[in-house]
Amino acid sequence: MWNFEFANPNLLYLLAVLPVMVIIYIFRQHRQDPDLQVSSLSSFEGTNTPVRLILRHALFGCKLIGTGLLIVALARPQSVDSWSETTSEGIDISLCMDISGSMRAMDFEPNRLEAAKDVASEFINGRPEDRFAIVAFSGESFTVCPLTSDRTVAVNQLNDLKFGMIEDGTAIGMGLATSVNRLKNSEAVSKVVILLTDGVNNRGTIGPKTAADIAVEYGIRVYTIGVGTQGMAPIQQQTPFGTRTVQMPVEIDEAVLQDIAQKTGGQYFRATDRQKLSMIYEEIDQLEKTILDTQDYSSREEEYFPFLLAGLLLILMDVILAQTVLKTLP
């Protein structure tokens, strides 16, 4: 961006002398011009103002403008060309999503899984500098989307998650281990797993605590989110008589989730409704800020010379004309 600055801006206050010069000049002209009383101006009609009298005022104009230009030159005007360079160090994040049958519970609108997908999509779209991987788990785990900087791909893959994609159950340890595997070779400044579940680990060959130890080994921070209201939650079940809504107990192994978060340097959150879940993702967004390094540069060039030259020429013109052509003017 190009702009204009003065190295000595306080000297611009000297421009206040210009109106003083104008007032003094007008006052002197008034005193020098004699008053002549005549009964009629008809005898002066058709006469022209002498050119030399006009030049007398032009002479003062040269002096006035020249003085102003010299003051501006003394203030040292400078052109400033400034710009900035911004580099970013993004964060690699794996979203580890529980898609077990209990995520059908309707204590979140329309159910836990759909609410979790919507909030996670907003989180992804709000972090353009970061890369995302999507991992899903129920009775086992699998990678839905490998690490990518394409947010559209990540969101589309996330939205494609549905119940019944794999065998039912809750393999929290397997889900975390798969997420760690997605991030272990990353060279990002920060590596994060956001693990969301509504149950207790009951499947898989790798336990949650073992998976947490692996995450620590690779320097991966894990934020855990327990999803579900307090007490009982409504869920639809298929019966021989059709679909019916029943109440099921909310069982979240908060102790394990807290242990995972504490061990890896993350935090545990409990989401009892969709609004709380959104607030949790917002808090994680604030905790995991992308590092931006901005360097500002500027170059300055002195621009006083044209003002100095023009001012000196006008002052010189005033002196030369006053001592030659206009010397005989009163």
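Derivation of every value follows stated rules applied to the coordinates shown; laboratory data play no part. Because the structure is a prediction, the values reported are computed rather than measured. Reconstructed Cβ throughout: ideal geometry from the backbone, glycine too, with neighbour counts over all protein chains shown.
Think of the chain as a dipole: +1 on every Lys or Arg Cβ, -1 on every Asp or Glu Cβ, centred on the Cα centre; then among Ser79, Pro306, Gly199, Pro306 lies furthest on the positive end. Using Cβ point charges alone (K and R +1, D and E -1), the dipole size of the chain about the Cα centre works out to roughly 1120 debye. Peptides 167-178, 256-267 ranked from most to least packed give 167-178, 256-267, packing being the mean of other C-beta atoms within 10 angstrom over each peptide's residues. Compared with the dominant principal axis of the Cα atoms in the chain, helix 112-125 is inclined by about 30°. Its relative contact order, with pairs defined as Cα atoms under 8 Å and 6+ residues apart, puts the range 91-289 at 23 percent. Annotation: extensible slack from Tyr13 through Glu122 equals 33.8 nm (criterion: 0.36 nm per residue apart, minus Cα-Cα distance).
Just to verify a number: FRET efficiency for Met106 and Asn3, C-beta to C-beta distance, R0 = 56 Å, to 0.05? Show your work: numbers first, answer last.
Values: r = 59 Å, r/R0 = 1.06.
Step by step, r from the Cβ atoms, then E = 0.40.
Which net charge results for the neighbourhood of Val193, defined as the other residues with beta-carbon distances under 9 angstrom from its beta-carbon, given Lys and Arg at +1 and Asp and Glu at -1? Walk me through the intermediate numbers first.
Values: positive: Arg182, Lys191, Arg221; negative: none.
Result for the neighbourhood of Val193: +3.
A Förster radius of 41 Å combined with the Cβ-Cβ distance from Met279 to Thr205 puts the calculated FRET efficiency at roughly 0.75.
Only one residue of Ala58, Asn111, Ile134 has its Cα farthest out toward the positive end of the dipole of the chain, where Lys and Arg carry +1 and Asp and Glu -1 on Cβ, and that residue is Ala58.
You can think of it this way: the chain between Phe305 and Ile65 has 84.8 nm of extra reach, that is 0.36 nm per residue less the Cα-Cα gap.
Compared with the direct C-alpha span, the chain from Lys184 to Gln29 gains 46.9 nm at full extension, assuming 0.36 nm per residue.
Rg/Rh for the range 243-287 stands at 1.11; both radii use Cα atoms, and Rh follows the Kirkwood definition. So in the chain, what percent of DSSP beta bridges are antiparallel if you round to the nearest 5? Bridges in the chain that DSSP calls antiparallel: roughly 55 percent. Ranked by the mean number of other Cβ atoms within 10 Å of their residues, highest first, the peptides 269-280, 216-227 come out as 216-227, 269-280.
In angstrom, the C-alpha Rg and Dmax of the chain are 40.2, 125. With a Förster radius of 30 Å applied to the C-beta separation of Gln286 and Glu217, the computed FRET efficiency comes to 0.65.
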